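FYI, it's all coordinate maths here, none of it is from the lab. Just so it is clear, the structure is predicted and the values come from calculations on it, not from any experiment. In this analysis, Cβ positions are derived from the backbone assuming ideal geometry, glycine residues included, and neighbour counts consider all displayed protein chains.
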Amino acid sequence: MAANNQGLLGSQHDTTGLPNISDSPDVPGLFDIPDVPQLPDDTESTIISEAAAGLPDVPDASLLPDTSSTTAQISDAGGQGDPHFTTWRNEHFEYHGQCDLILATDSNFADGLGLDVQIRTKVVRYWSYIKSVAMRIGADIFEIEGNADMSEDLRYWINMEFKGAVKNVGGFPVIFKNRKGQAMKQTILIDLNSKYPGAKIEIQVWKEFVKVNFQNPTVEAFGNTVGMLGDFSTGKTVGRDGVTVFDDYMLLGEEWQVLPANDMLFHSTEEPQFPSKCIEPEDSQGDRRRRRLGESAITEEQAEKACASLTGMLDRKDCVYDILATQNLDMAVAY
């Protein structure tokens with residue numbers, strides 16, 4: 001543009017013989033600027049006021065809704081697989097350490113009965129899984145553990161008694177659903193419908209893998225929970241102070257490691273226990289994992305085919321990842 005302007009205005013053409021404007025005869029009206037009439041002193045403010053009258057009022061900033069939190073819909077939340085976690089706002093993340101972790105807790109659940117759900121994860125070289133879950137409602141503790149030996153029955157404890165008679169936990173019915181047609185996938189439901197219509201806590205076991213899922217969550221049932229699943233209202237993965245947000249999920253795991261003050265709910269003690277830190281997998285930065293996945297005998301296409309029946313896009317993605325990490329196409333059954 002500058003080059004073009006120079007051609008129009010800045011070129012050195014010969015102007016000899018051209019008349020000077022100052023030498024031009026007077027042309028009436030050519031350079032005359034008419035006088036601008038003076039308005040009364042209050043006319044300008046009157047015009048502005050009249051124009052502003054047609055504009056909408058500027059809202060008070062203090063009355064505007066807070067849009068800083070996520071607007072995503074409330075969704076089923078929990079953990080499964082290698083392990084993948086889903087927050088109350090359907091955010092997916094992974095934690096690959098070995099620890100006893102607080103998945104969700106609320107001391108005021110069910111009019112003060114209280115709810116504590118803890119999971120125990122186990123590292124296998126560069127990946128990990130949920131080995132067992134222990135849940136306390138009121139005075140009852142219900143623990144379920146995965147088992148690679150599918151010839152055995154479901155391993156569970158009720159109030160520390162192995163395979164004791166269990167009909168309810170904290171007054172809420174426990175329903176066992178054994179699905180032998182699905183490669184011994186077993187489902188256990190804690191039905192919260194009597195207090196929170198439609199809400200359930202689902203536990204699924206396939207081999208050594210345990211899945212925990214909070215179904216049909218509502219603010220009345222789980223709105224005050226804290227833990228690995230994040231803040232119910234915002235979906236943010238916050239720490240114990242309710243303010244600090246953790247985007248590094250290894251640090252999030254350390255933040256929600258079960259402490260002595262939290263009462264470890266499992267029937268036995270396994271390492272690590274606080275003050276020992278959670279155990280990290282090999283090559284936590286993922287370089288070795290990526291190399292191993294690149295050398296997989298199972299292809300990504302085979303994994304995608306095995307996971308194709310899953311309706312959720314993020315679930316399919318997690319499923320494919322787990323198959324490639326474990327080199328086991330049957331991992332799709334865990335979903």
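Could you give the nm distance between label points at Asp330 and Lys163, where each point is 7 Å from its Cα heading toward the beta carbon?
Distance between the two pseudo-spin positions: 2.1 nm.
Charges only on Cβ, +1 for Lys and Arg, -1 for Asp and Glu: so what's the dipole of region 200-335 about the Cα centre, in debye to the nearest 20?
260
Packing-wise, with mean Cβ within 10 Å as the measure, how do 125-132, 89-96, 306-313 rank, highest first?
125-132, 89-96, 306-313
What pairs in Lys131/Lys200; Lys185/Lys277; Lys131/Lys163; Lys177/Lys317; Lys122/Lys211; Lys200/Lys277 have C-alpha atoms more than 23 Å from each other?
The answer is Lys185/Lys277; Lys177/Lys317; Lys200/Lys277.
Where the centroid of each part is defined by its Cα atoms, how far is region 209-265 from region 96-121 in Å?
8
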